[in-house]
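Shown next, in structure tokens, is the structure this report addresses.
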């Protein structure tokens with residue numbers, strides 16, 4: 001039998017909703033349907049003179065969020081647009097890579113891709 005593992009609060013869903021909504025004040029008018037964290041890596045493989053693999057060099061690593069949001073009736077969709085930025089509760093800046101709204105019969109869905117402006121090689 002395996003030993004139970006305690007995950008950090010940042011990785012746990014509270015009440016069935018991903019905690020990304022708490023990280024960004026601009027998401028107050030949205031319900032977070034799904035939130036997938038990840039990393040954007042800038043790396044390359046280095047090779048020996050004979051073409052064999054020598055090592056992988058990691059130049060930068062930045063955090064990402066892939067979010068699916070459901071807009072509340074009072075949400076202003078113009079606040080989250082392509083090529084804009086969001087600020088989280090810690091004051092860190094995030095670039096909005098894409099923000100694609102989808103109109104449905106009831107609510108508007110918004111798929112957002114975010115990438116942190118600061119690097120985190122650790």
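Convex hull over the alpha-carbon atoms of the range 24-116: what's its volume per residue in Å³?
On the way: hull volume 11.0 nm³, N = 93.
So the per-residue hull volume is 118 Å³.
By counting other Cβ atoms within 10 Å of each Cβ, how are 46, 63 ranked from fewest to most? List each step's numbers first, then the result.
Numbers: 46 9, 63 17.
Listing 46, 63 from fewest to most nearby Cβ atoms yields 46, 63.
Bear in mind these aren't lab numbers, they're just calculated from the coordinates by the rules spelled out. The model shown is predicted, which means the values in this text are computed figures rather than measured ones. Note that each Cβ is placed from the backbone with ideal geometry, even for glycine, and that neighbours are counted across all protein chains shown.
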